[in-house]
Amino acid sequence: MTTRHRSEPVVLGLIGLGTVGTGFFNLLQKEQKLLERRLGFPLRLKTIADRRIETKAGKEHQGIHLTSDAQEIISDPEIQIVIELIGGIEPARTLLLDSIKERKSVVTANKALLATHGEELFAAVHASRTDFAFEGAVGGGIPILRSLREGIGGNRILSIKGIINGTCNYILTRMTYEHLDFDTVLKDAQALGYAECDPSLDIDGMDAAHKLAILGTLSFGTPIPFEQIPVEGIRGIQIVDIDFGREFGYTLKLLGIAKDHGSTIDLRVHPAFLPEDSMLAEVDGVFNAVEVTGESLGPALFYGRGAGADPTATAVMGDVMELARAIHTGCFHQVPPLGFSWNDRVQRPMTGLDEVRCEYYLRFMAHDQPGTLSYLSGVLGTHGISIESVIQKGRKKGGSVPVVILTHTAPESSVRAALQIIDRSTHVTEPTVLIRVEGKDE
Ligand code: HSE
């Protein structure tokens with residue numbers, strides 16, 4: 001083990017000068033002195049690689065080697081930490097694997113890559129004994145991954161409920177309180193730099209699912225087969241359902257949910273009603289929050305800005321500092337990147353949506369005629385589903401009217417079976433809207 005001279009810098013290479021890359025660069029420039037005081041040695045950014053570096057290079061990059069070839073960073077023996085902030089699968093996957101092979105310390109914020117190719121990357125990390133950190137991949141500036149690995153690592157994690165997509169939360173918040181339509185608010189979110197380049201990743205729930213897969217594997221110590229996570233986004237959400245939900249005392253959020261059921265685990269992403277007085281229901285706008293319940297700890301809430309350049313750059317910087325300290329002291333691999341030692345991870349099957357048990361919000365568009373309500377409650381009743389409340393409003397001549405039923409806790413398989421019968425009947429004019437209520441755990 002070698003102890004470095006105090007003033008010797010740790011040398012960085014940055015791949016990707018997009019939103020987060022620029023945020024990281026700016027933070028590094030702005031807080032150089034603070035970083036050195038905290039670390040006891042400086043950080044030196046030697047090279048920045050970006051495919052379109054010629055259009056991005058400016059006065060502020062003077063003294064830094066700029067290139068469009070990321071391999072220059074990977075093959076440079078002086079660069080100790082590679083920071084990958086280009087996102088997407090390729091070339092990010094190859095660049096990370098090459099960096100790991102070169103035994104660089106590696107920082108990434110690439111949630112899509114970690115969720116879908118995590119096993120391959122982590123196997124390479126384990127084999128080459130490199131340091132690898134990815135706090136920026138989940139929850140923007142909220143240090144949730146480090147907390148799961150370290151701060152509450154002594155607990156069995158029972159469940160995670162997260163608002164982990166800032167764009168969706170921003171859209172749902174404005175739809176709820178300003179009665180604006182979905183498309184108008186999405187445009188604002190894009191203009192503010194919250195949404196992914198392809199915003200369907202946000203609104204169809206994939207971005208949240210990527211983050212949930214990472215949270216799940218760190219919480220439960222099990223590989224998460226990403227394609228088995230049931231995912232529903234917010235594209236089809238209508239203001240009418242947000243409004244009815246509020247009449248029942250609920251607020252609509254896009255949730256990432258992970259629950260430990262012992263021999264199985266349950267991970268899913270979907271819109272859900274939350275009691276309006278719960279802390280998660282009060283998380284508005286672009287803010288993210290992750291509620292973790294530990295067996296001994298009980299519930300803990302992590303809250304902060306979940307999207308945007310500066311919060312994510314903050315998380316990336318935290319990782320760079322951790323890895324730079326390891327380089328400086330020579331004490332590598334203090335904490336396994338997934339929070340469990342590689343050989344002690346246990347594969348557990350994932351349950352599907354059919355095994356979910358919760359309360360359900362159901363909006364039927366029904367003909368306003370005698371017998372409709374008793375038909376609906378009859379079909380639900382024969383499937384063992386008991387009704388908690390009903391709202392019916394807005395009588396339209398000859399048309400259909402919304403009938404909203406809130407059920408008591410029921411198995412989703414039974415609710416789906418009942419809806420199959422109802423949606424084929426002549427009593428309703430449209431497919432029923434189903435929204436799960438995440439209130440009390442079963
Ligand atoms: N598009 C993401 C979001 C950015 O809206 O949360 C942060 O991952």
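Show the residue pairs that are 6+ apart or on different chains and have beta-carbon atoms under 6 Å apart, the first residue being within the range 329-351 and in a loop (DSSP other than H, G, I, E, B), the second being among the aromatic types (Phe, Trp, Tyr).
So the pair list comes out as 337/132.
How do the pairs read when you match residues in the range 255-274 that are at negative phi with residues anywhere that are at pLDDT below 95 and in a strand (DSSP E or B), using Cβ under 7 Å and keeping only pairs 6 or more apart or on different chains?
Listed by first residue and then by second, the contacts come to nothing, as the list is empty.
Quick check on the range 276-301: of everything there that is within 16 Å of the ligand (Cβ to nearest atom) and over 13 Å from the mean Cα position of the chain (by Cα), which residue is most open to solvent (accessible area, probe 1.4 Å)?
284
Helices (runs of 4 or more DSSP H) wholly in the range 1-79 with at least 1 residues that are crowded, with 20+ Cβ neighbours inside 10 Å and within 28 Å of the chain's Cα centre (by Cα) - which ones?
Of the helices (runs of 4 or more DSSP H) lying wholly inside the range 1-79, those with at least 1 residues that are crowded, with 20+ Cβ neighbours inside 10 Å and within 28 Å of the chain's Cα centre (by Cα) span 19-30.
May I ask you to list pairs of residues, at least six apart or on different chains, whose Cβ atoms are under 9 Å apart, with the first in the range 98-110 being open to solvent by less than 40 Å² (accessible area, probe 1.4 Å) and assigned to a helix (DSSP H, G or I) and the second being among the acidic types (Asp, Glu) and within 16 Å of the ligand (Cβ to nearest atom)?
If the second residue must be among the acidic types (Asp, Glu) and within 16 Å of the ligand (Cβ to nearest atom), the pairs left are 99/84.
Any idea how many residues of the range 350-372 are open to solvent by 80 Å² or more (accessible area, probe 1.4 Å) and either hydrophobic (A, V, I, L, M, F, W, C) or closer than 23 Å to residue 258 by Cα (or both)?
So the count comes out to 3.
I'm trying to understand the selection: among the residues of the range 191-209, which are more than 10 Å from the ligand (Cβ to nearest atom), closer than 15 Å to residue 115 by Cα and either of a type outside the set (A, V, I, L, M) or at pLDDT below 85 (or both)?
Listed by number, the list holds a single entry, 205.
If residue 348 satisfies every condition in (1) of a type in the set (D, E, K, R); (2) modelled with pLDDT of 90 or more; (3) more than 22 Å from the chain's Cα centre (by Cα) but one, which is the exception?
Tallying (1) of a type in the set (D, E, K, R); (2) modelled with pLDDT of 90 or more; (3) more than 22 Å from the chain's Cα centre (by Cα), residue 348 fails exactly one: (3).
Check the range 126-135 and report whether any residue there is of a type outside the set (Lys, Arg), touching a helix residue (DSSP H, G or I) at 6+ places or on another chain (Cβ under 9 Å), more than 16 Å from residue 81 (Cα to Cα) and open to solvent by less than 10 Å² (accessible area, probe 1.4 Å).
no
Would you confirm, using the coordinates I've provided, whether residue 194 is surrounded by 14 or more Cβ atoms within 10 Å (Cβ to Cβ), in a loop (DSSP other than H, G, I, E, B) and of a type in the set (Ser, Thr, Tyr)?
Spelling it out, residue 194 is indeed surrounded by 14 or more Cβ atoms within 10 Å (Cβ to Cβ), in a loop (DSSP other than H, G, I, E, B) and of a type in the set (Ser, Thr, Tyr).
Restricting to the range 405-442, name every residue that is among the β-branched types (Val, Ile, Thr), part of a strand (DSSP E or B) and farther than 15 Å from residue 379 by Cα.
The answer is 433, 435, 437.
Which pairs do you get when a residue that is among the small types (Gly, Ala, Ser), found in the range 301-317, comes within reach of a residue that is in a strand (DSSP E or B) and near the ligand (Cβ under 10 Å from one of its atoms), reach meaning Cβ atoms under 6 angstrom, with the pair 6+ apart or on two chains?
From the range 301-317, the pairs are 306/288.
On the basis of being farther than 17 Å from residue 260 by Cα, away from the ligand (no atom under 13 Å from the Cβ), free of Cβ contacts under 8 Å to residues at least 40 places away in the same chain and part of a helix (DSSP H, G or I), does residue 188 make the cut?
When the stated conditions are applied, residue 188 does not pass them.
Identify all residues within the range 204-225 that are surrounded by fewer than 24 Cβ atoms within 10 Å (Cβ to Cβ) and either of a type in the set (Gly, Ala, Ser) or farther than 29 Å from residue 340 by Cα (or both); write none if there are none.
Answer for the range 204-225, where residues must be surrounded by fewer than 24 Cβ atoms within 10 Å (Cβ to Cβ) and either of a type in the set (Gly, Ala, Ser) or farther than 29 Å from residue 340 by Cα (or both): 204, 221.
I need a count of the residues in the range 135-151 that are away from the ligand (no atom under 12 Å from the Cβ) and of a type in the set (A, V, I, L, M, F, W, C).
Residues that pass the stated criteria total 3.
List pairs: first in the range 405-422 and open to solvent by 10 Å² or more (accessible area, probe 1.4 Å), second among the polar types (S, T, N, Q), Cβ under 7 Å, 6+ apart or cross-chain?
Sorted first by the residue in the range 405-422, then by its partner, the pairs are 408/386; 419/432.
Would you point out the residue of the range 158-181, among those that are within 15 Å of the ligand (Cβ to nearest atom) and surrounded by fewer than 24 Cβ atoms within 10 Å (Cβ to Cβ), that is farthest from residue 139 (Cα to Cα)?
174
So which of 238, 228 is open to solvent by 30 Å² or more (accessible area, probe 1.4 Å), closer than 24 Å to residue 114 by Cβ, in contact (Cβ under 8 Å) with a residue 12 or more places away in the chain and away from the ligand (no atom under 16 Å from the Cβ)?
Exactly one residue qualifies, and that residue is 228.
Which numbered condition in (1) surrounded by fewer than 18 Cβ atoms within 10 Å (Cβ to Cβ); (2) in the same structural domain as residue 258 (by TED's automatic domain parsing) is the only one that residue 123 fails?
That leaves (2) as the condition not met.
The values are calculated or read from the model by the stated rules, or taken from the named source; none is laboratory data. These figures come from a predicted structure and were not determined experimentally. Please note: Cβ atoms are built from the backbone with ideal geometry, for glycine as well, and neighbour counts cover all protein chains shown. Each accessible area value is taken on the protein alone, full model and side chains, heavy atoms only, with ligands, DNA and RNA left out. Shrake-Rupley method; radii C 1.70, N 1.55, O 1.52, S 1.80 Å.
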